[in-house]
Amino acid sequence: MMKKNWWQEAVVYQIYPRSFQDTNNDGIGDLRGVIQHLDYIKNLGVDVIWLNPIYSSPNDDNGYDIADYRKIMQDFGTMDDFNQLLISAHKKGLKIMMDLVVNHTSDEHHWFMESRKNKDNKYRDYYFWRDPREGKEPNNWKSNFSGSAWQYDKSTDQYYMHLFSKKQPDLNWDNSEVRQEVYGLMKFWLDKGVDGFRMDVINLISKKPGLPDDPNASQGAVEDAMSWVANGPKVHDYLKEMNRKVLSKYDVMTVGETPAASTQDAIKYTGFNRQELEMVFQFEHMGLDWSKNGLGKWSTNKVSLTALKEVMSRWQNDLDGKAWNSLYWNNHDQPRVVSRFGNDSKEYRVRSAKMLGLLLHFMQGTPYIYQGEEIGMTNVKFEDIHEYKDLETLNAYNEIVKENKQISAGDMMRYIHHSSRDNARTPMQWNQNVNAGFSTVDPWIKVNPSYKLINVEKDLKDPNSIYSFYKKMNELRHKYSVIVYGDYELLDPEDEKVFAYKRSLDGQSLLIVANFTSEELTRSYNEYGDMAGKLLLSNYSDDQKTKLRPYEAKVYYYGKGK
Ligand code: TEU
Ligand code: CA
């Protein structure tokens, strides 16, 4: 075990600035909006804010297509606003983690605009330019946002690679100048005083030499193709270099977004003696409800609880003592967890949102809360495809429904309601006023009509709200080291209705029990059969021990000597 670090004991709150708070009435959230709510965030008891990209961008992919890494996106404000935010946050004891998007840039970044001019340009090799193969794309790789990963450029009769949209050309990390540029821009932000980075698809930066065809490309969904391009041969060399040249010089926190990473991969990225990253965002639990017949995330599948237990427990156990987990249900790419793994009906929304929060927050690792999760925001069901803004959703609709005619528009809309990234991107619901208090004008994306029922103002007044519950979880985590560092043991792996586990550290332990159904059940667990520990937290006002009511979730503490 390594020495204890602040980022292991921290809780992170993720902000999607575009949808958080608009302060200048243009319908788009901004940095002043984040400043305005710092007390709200502090009051929740978190330690770190992760900001989705706020850099200058044409917004093809809401800021994940960066045109200038050293400038603030105009929609969001100015560098002065950012400086103000950093100072105010630090004064309140909140750290700021930035999004680092360096697998690709915008096609409007000056490197790319130079690069595309001609084959001899100094920046040509910053990207992947290749000749056509028999008049077509250089290989069979797919873009994550539909279609080929290659875009033809007439002026030089070559294609460039983009694993995401064609406005997100991939950077060539094998070019050492590219790496130096990235280290330079990281230092720019670290020298300003930011406290860490969340690194976008950082395990895609090293491409297989020769860019060979993916042998499985014709089968399965695009997401499956990720495994062919992820975790490439030099990725660890590059991360070690980045760590040596930049990260090791600052006391910062890093989390790499790593699709298609196994626990063994994660140990390589984040192992305590590896000098690469502190943690990764893994995707296994997010893939459990995907379709098995080629449409990937476009499904309405329900997750099987035993499968979820298996994945979560494997990550807990495999990393224990070797590396560090990140704990998340939600982010700006995922549907709302209460709609996905819980029950968002009027009757059970609050209960099941707390149950899910409790289940996750008592595991080993650093928890991440995505804006709105702390008030139990739900998925949205826009009726018209034109109300969706996310390019992944819109491209998939075009490809699957219009071009390939694989499924009907109606079926696709049901899948979109279930899985679209826009479920997470509707404006933050502050109160019952017009546009949920997000903006006085029509927002860039419609507000979820649920805001009259679900909003911050309501939750702040209610000691039994989801917000109050998250606040209590944060307090407990900061008080009991067994929550942070304890080891983990799954109980009754084959129980399809209740998720129960145990945590232990230095003679103290915790029993966590979560009923995933709307049924009344009875359960007991060996040495804890009587559930005689001290009840630390529960989503019901009384305790009926072995009897579990719908979506009941609770934590018992067993002190030393038991
Ligand atoms: O996401 C990478 C990623 O794996 C997602 O594209 C994922 O496959 C998809 O969202 C599942 O629906 C990161 C960012 O989080 C995302 O917002 C960006 O669009 C993407 O990288 C490109 O930068
Ligand atoms: Ca604004």
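Key figures
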| quantity | calculated |
| --- | --- |
| FRET efficiency estimate (nearest 0.05) - Cβ-Cβ, residue 175 to residue 218, R0 35 angstrom | 0.65 |
| Check: region 1-55 dipole with +1 on Lys, Arg Cβ and -1 on Asp, Glu Cβ, in debye | 260 debye |
| Calculated [θ] (222 nm, deg cm²/dmol) that DSSP helices of n ≥ 4 give over the chain, each run adding -39,500 (n - 2.57) | -8000 deg cm²/dmol |
| Potential lengthening between residue 119 and residue 301 on full extension [0.36 nm per residue; Cα-Cα distance subtracted] | 60.8 nm |
| Pairwise label distance in nanometres, residue 560 with residue 547, each label 7 Å out on the Cα-Cβ vector | 3.7 nm |
| Using a Förster distance of 25 Å, the FRET efficiency for residue 42-residue 250 (Cβ separation, nearest 0.05) | 0.60 |
| Contour minus Cα-Cα distance for residue 433 and residue 291 (0.36 nm per residue) | 47.2 nm |
| Estimated inter-spin distance, residue 495 and residue 153, nm [label 7 Å along Cα→Cβ] | 5.8 nm |
| Theoretical gain in end-to-end length, residue 475 to residue 234 [0.36 nm per residue, Cα-Cα removed] | 82.7 nm |
| Ranked by how many other beta carbons lie within 10 Å on average, peptides 345-351, 421-427 from highest | 421-427, 345-351 |
| Under the Debye formula (equal points on every Cα, no solvent term), log10 I(q)/I(0) of region 1-131 at q = 0.12, 0.19 Å⁻¹ | -0.56, -1.02 |
| Quotient of C-alpha Rg and 2.2 N^0.38 Å, computed over region 33-77 | 1.37 |
| Cut-off 19 Å, label 7 Å out along Cα→Cβ of residue 346, residues of region 413-454 by amide N | 432, 448-454 |
| Rounded, prolate or oblate (a/c below 1.5 giving rounded, otherwise prolate when a/b exceeds b/c) for region 371-523 by Cα gyration tensor | oblate |
| Unit Cα scatterers, Debye sum, the chain: log10 I(q)/I(0) for q = 0.10, 0.11 Å⁻¹ | -0.84, -1.03 |
| Förster radius 60 Å - calculated FRET efficiency between residue 411 and residue 83, Cβ distance, rounded to 0.05 | 0.80 |
| Links that overshoot a 25 Å alpha carbon limit, given the list 142/208; 354/479; 166/249; 4/534; 346/402; 192/446 | 166/249; 4/534; 346/402; 192/446 |
| Burial ranking of peptide ranges 259-271, 479-491, 126-138 (average Cβ count within 10 Å, highest at the top) | 259-271, 479-491, 126-138 |
| Euclidean distance of C-alpha centroids, region 189-219 and region 85-137, integer Å | 12 Å |
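Rule-based calculations on the coordinates, nothing more; no lab input. Bear in mind that the values here come from a model prediction, so they are computed numbers and not experimental data. Every residue, glycine as well, gets a Cβ built from its backbone with ideal geometry; the counts of neighbours run over all protein chains shown.
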